[in-house]
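Rule-based calculations on the coordinates, nothing more; no lab input. On a predicted model such as this, the values are computed, not experimentally measured, just so you know. Ideal geometry is used to build each Cβ from the backbone, glycine not excepted, and the neighbour counts take in all protein chains shown.
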Amino acid sequence: MKIIVLMKQVANKDAVLRIAGDEKWINETDVAQQTNESDGYALEEALRTVEAKGGGEVIVCSLGPQSAKTVIKDALARGANRAIHVVVDDVRSLSAYQIAKALADAIRDENPDLVFTGLQSDDASYGQTGVILAELLGIPHATIVIEVDRGSLGDTLRVKRELESGWYQWFTYQLPALLTIQSGISQIRYASLKGIMSAKSKEIREVTPSVDAFASAAQIEKVYMPLKTKQTQILGGGDAKAGAVELVEKLRTEVRVL
């Protein structure tokens with residue numbers, strides 16, 4: 001059993017964000033970085049799946065600058081066996097397709113049984129990279145996975161997907177397959193002292209993709225902070241009944257919920 005887990009380095013959720021001068025992304029100077037939340041759950045599911053299978057290999061793959069090795073080393077300390085670092089200094093200029101293409105080229109020869117990714121990144125939040133990657137690898141995919149039935153693991157794997165309005169779906173996938181994991185699916189383990197020490201000797205293979213070789217139809221034009229707006233209307237002039245009539249009319253004609 002070989003599982004590849006995609007993990008991304010993102011800005012800390014509590015960091016004070018400022019827009020960069022070119023208005024294409026945030027100014028990442030002095031901004032603390034951390035592992036993308038749902039990617040941490042993807043790693044945990046991969047480790048539990050290998051343990052349930054009685055053995056196997058978990059390979060972490062991360063695309064980003066040299067600073068992304070912090071995320072990689074943390075994953076190795078938690079139990080991953082080795083890592084692939086797709087070195088790209090200017091990640092912000094890449095679209096979801098370009099990122100998926102670079103990742104596909106880096107992991108295709110590994111021929112994994114499963115590929116786990118987080119549902120979406122905490123920064124761009126496209127939720128597209130995993131889906132596009134599955135298409136490029138020519139394997140089926142499941143999105144918003146909230147439970148993995150490891151007892152069903154063989155040539156197929158049964159998973160539970162979250163749907164709209166509180167509904168969910170159990171579906172069986174033929175391996176190899178790609179799963180995008182929802183946050184909160186399990187309890188993430190901490191890196192032990194033994195794991196931290198053993199991570200120092202684990203392999204991190206660097207790959208430098210030729211990102212100029214594949215163009216994308218998508219690009220970021222401008223990033224900006226949400227504008228705070230406030231609009232207050234007094235209905236009925238102090239008369240509750242008249243206010244109720246005006247409110248119903250606005251809900252019908254302006255908001256159109258009635």
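Of Lys230/Lys250; Lys13/Lys194; Lys69/Lys202, which sit over 20 Å apart, Cα to Cα? Spell out each step's value before the answer.
On the way: Lys230/Lys250 17 Å; Lys13/Lys194 28 Å; Lys69/Lys202 12 Å.
The answer is Lys13/Lys194.
Just to confirm the number: angle between the C-alpha axis of helix 96-107 and the first principal axis of the chain, 0 to 90 degrees, nearest 10?
The angle comes out at about 10 degrees.
Taking every DSSP beta bridge with both residues inside the stretch 2-213, roughly what % is antiparallel (nearest 5)?
Antiparallel bridges: around 35 percent, rounded to the nearest 5.
For the stretch 109-173, which chymotrypsin sites (Phe, Trp or Tyr not before Pro) pass both filters: DSSP loop (anything but H, G, I, E, B) and at most 10 other C-beta atoms within 10 Å?
Answer by residue number: Trp167.
Can you give the calculated 222 nm mean residue ellipticity of the chain, where each DSSP H run of n ≥ 4 adds -39,500 (n - 2.57) and the sum is split over every residue, rounded to the nearest 500 deg cm²/dmol? Could you put the intermediate results ahead of the total?
Working: 6 runs with 66 residues, N = 258.
Only helices count here, giving -7500 deg cm²/dmol.
Give me the dipole magnitude in Debye, nearest 20, for the stretch 185-256 about the Cα centre, with unit charges on the beta carbon: positive for Lys and Arg, negative for Asp and Glu. Don't skip to the answer; put the middle values down first.
Numbers: 12 positive and 8 negative charges, 92 e Å.
That gives the stretch 185-256 a dipole magnitude of about 440 debye.
Can you tell me the order of 181-187, 224-230, 128-134 when each peptide is scored by its average per-residue count of other Cβ atoms within 10 angstrom, highest first?
Details: 181-187: 17.3, 224-230: 5.7, 128-134: 22.4.
Result, highest mean first: 128-134, 181-187, 224-230.
Calculate how large, on average over all directions, the projected area of the Cα convex hull of the chain is; give the answer in nm² to one decimal.
18.9
Can you tell me the 0 to 90 degree angle between the C-alpha axis of helix 240-250 and the longest principal axis of the chain, rounded to 10?
The angle comes out near 50 degrees.
Tilt of helix 69-78 relative to the longest C-alpha principal axis of the chain, in degrees (0 to 90, nearest 10)?
70
For the stretch 79-162, just run the numbers: alpha carbon Rg, then divide by 2.2 N^0.38 Å, N being how many residues it has.
Ratio of Rg to 2.2 N^0.38 Å for the stretch 79-162: 1.17.
Hey, got the dipole for the stretch 130-253? About the Cα centre, +1 on K and R Cβ, -1 on D and E Cβ, debye to the nearest 20? Could the numbers behind the result be given before it?
Numbers: 15 positive and 13 negative charges, 106 e Å.
Taking the Cα centre of the stretch 130-253 as origin, the dipole is about 500 debye.
Only Cα pairs within less than 10 Å get springs; with that Gaussian network setup on the chain, which residue of Glu51, Glu28, Glu246 has the largest fluctuation?
Largest GNM mean-square fluctuation: Glu246.
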